[in-house]
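Each remark here refers to the structure printed beneath this line.
The values are calculated or read from the model by the stated rules, or taken from the named source; none is laboratory data. Predicted, not measured: the structure shown is a model, and the values here were computed from it. Cβ sites come from the backbone with ideal geometry, for glycine too, and all protein chains shown count toward neighbours. These accessible areas exclude ligands, DNA and RNA; they are computed on the full protein's heavy atoms, side chains included. Shrake-Rupley method; radii C 1.70, N 1.55, O 1.52, S 1.80 Å.
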Amino acid sequence: MAALGNPETLTRKIKLWDINAHITCRLCEGYLIDATTVTECLHTFCRSCLVKYLEENNTCPTCRIVIHQSHPLQYIGHDRTMQDIVYKLVPGLQEAEIKKQRDFYQKLGMEVPGDIKGELCSMKHLDPQRNGEVKTEDTDKKETAEEKPEEDNDYHRSDEQVSICLECNSSKLRDLKRKWIRCSAQATVLHLKKFIAKKLNLTSFNELDILCNEEILGKDHTLKFVVVTRWRFKKSPLLLHYRPKMDLL
């Protein structure tokens, strides 16, 4: 029976550049940000890179498979698992990305959304010894005192939030009693369909279409994707309409 041996000999260190090819975007050659995967072939890219590419093309940038002849954007989806992996493997990447978002809003003279502030605060408590920094009791008390004002913000999760107004544009369905909602930016159009169907007591959420700017949204689109591609630079809330699937306006 073989001996277990020294634990140190069983540990294999993998350098970051050995796996860079698996966590970088083929389009910008940088680490994946807001990782988005093509459902047809499972190749992953930065969302902004892929959306810009698909404005002029309908094939995957890696394998050239046709995603969809006319609506390729409806066949891509946010890959949260991959993004979490990238953030865990690349030190400081998540903090740097959130700082870029914060600086972007400040440069435009806009108020920094509460969800970005929330992410900055939550990251301070994820790993007290991150980057070799150990928090003392005094430091922890000081940070807690500085973060107290954030407790008044209206977000129930630490991830990015989206404010939505859901309106009916068909006489065949009734309006929601509460059309203003706030939910995670990672929620999809399918989640909204199920929510509306439940509130209206519909037999199936498949009976519904959800539209933004009079364009039907794909069920796998995340709300963040909808905001970035169809509501950029417009004021909150994100205005969405719902109607019966075969209803002709």
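In table form, for the structure just shown:
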item	result
Computed accessible area, Y75, all protein chains, 1.4 angstrom probe, square angstrom	80
Pairwise label distance in nanometres, R80 with K235, each label 7 Å out on the Cα-Cβ vector	3.1
Full-extension gain in nm, K177 to K194, via 0.36 nm per residue minus C-alpha separation	4.5 nm
DSSP-defined antiparallel bridges as percent of all bridges, the range 159-242, nearest 5	65
Percent RCO, i.e. relative contact order, over the range 14-87, from Cα pairs under 8 Å lying at least 6 residues apart	32
